[in-house]
Amino acid sequence: LANNATNLLIIKAAGNDRADTGPESGEEYWVFGDQPYLDDTSRYPDGDYDCISGSALSKNVLSVGAIEDLPWGYENPSDVLMSSFSSWGPTDDKRIKPDLVADGVALYSTDNISDNSYLVASGTSSASPSVAGSLALLQEHYRNVNDNQTMKASTLKALAIHTTKETGSSPGPDYQFGWGLLDTKVAAELITFNQNNPESIQELSLNNNEDITITFNSSGVAPIKATIVWNDPAGTPVS
């Protein structure tokens, strides 16, 4: 679905399983399968690493983890504090997941008690809607300045991870924060900058055995950074 719908970027919560500890030693629990049965075998907790599951591991979706709020803004990577629950990667084939993170702790949000009820909620399912709304606004801005053209899903994903703020204890992506903290403002500025610098955001097709040469200008001061994202067809899962 994600590969065929080339203009649809699916935003997926990474899950809240890192804090799951499972049954106490000796505690009985049901194991489900062809024939459910009771077991009391000790089980390891889900966390820390390798506790993202299901469609959040998909190649063509944008998987979102949850961090604590940043009430005083971002100054450096150490300001970004990981939530206690947000699931961490990697995937079994060692791809980066989650892709990025956003605020997902104690967000004021809608509730289903009544037609006008609200509550404070935490989870990657709180972080991912804020990312989806932010990227929808970026898509709208892109259409406004590009004759109503729409970015491909892979382009929007590239834009989001290209403009993230650095997070974690080491430079670059990791299996906790992904590529970093979503920065909608910088992403919007890059869309605006691309109007007079069309080499900044490009949608290209690369054929087998073909070379593509891209020319760009550099200030010589700021680092040069390139992000390439493509939609992948379904592959054969690892055993």
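The values are calculated or read from the model by the stated rules, or taken from the named source; none is laboratory data. This is a predicted model, so every value here is computed, not measured. Methodologically, a virtual Cβ is constructed for each residue, glycine included, from the backbone with ideal geometry; neighbour enumeration extends over all protein chains shown. When the accessible area is computed, the model is the full protein with side chains, heavy atoms only, and any ligands, DNA or RNA have been set aside. Shrake-Rupley method; radii C 1.70, N 1.55, O 1.52, S 1.80 Å.
Some notes on this structure:
Each row is one residue, and each column tells you yes or no for (1) assigned to a loop (DSSP other than H, G, I, E, B); (2) polar (S, T, N, Q); (3) out of contact with any helix residue (DSSP H, G or I) (no Cβ under 8 Å at 6 or more places or on another chain); (4) open to solvent by less than 100 Å² (accessible area, probe 1.4 Å).
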{"position": "188", "(1), (2), (3), (4)": "no, no, no, yes"}
{"position": "196", "(1), (2), (3), (4)": "yes, yes, yes, no"}
{"position": "203", "(1), (2), (3), (4)": "yes, no, no, yes"}
{"position": "231", "(1), (2), (3), (4)": "yes, yes, no, yes"}
{"position": "238", "(1), (2), (3), (4)": "yes, no, yes, yes"}
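- When the stretch 170-186 is filtered for residues that are at pLDDT 95 or above, assigned to a loop (DSSP other than H, G, I, E, B) and of a type outside the set (S, T, N, Q), the ones remaining, listed by number, are 173, 175, 177, 179, 180, 182, 183.
- Residue within the stretch 158-169 that is at pLDDT below 95 and under 22 Å from residue 67 (Cβ atoms) present: yes
- Qualifying residue in the stretch 88-102 (condition: among the acidic types (Asp, Glu) and open to solvent by less than 40 Å² (accessible area, probe 1.4 Å)): yes
- Scope the stretch 192-223; condition under 22 Å from residue 73 (Cβ atoms) and in contact (Cβ under 8 Å) with a residue 12 or more places away in the chain; matching residues: 192
- When restricted to residues that are β-branched (Val, Ile, Thr) and at pLDDT 90 or above, the stretch 209-223 contains 3.
- Wholly within the stretch 1-63, strands (runs of 3 or more DSSP E) carrying at least 2 residues that are at pLDDT below 95 and loosely packed, with under 15 Cβ neighbours inside 10 Å: 29-31, 37-39
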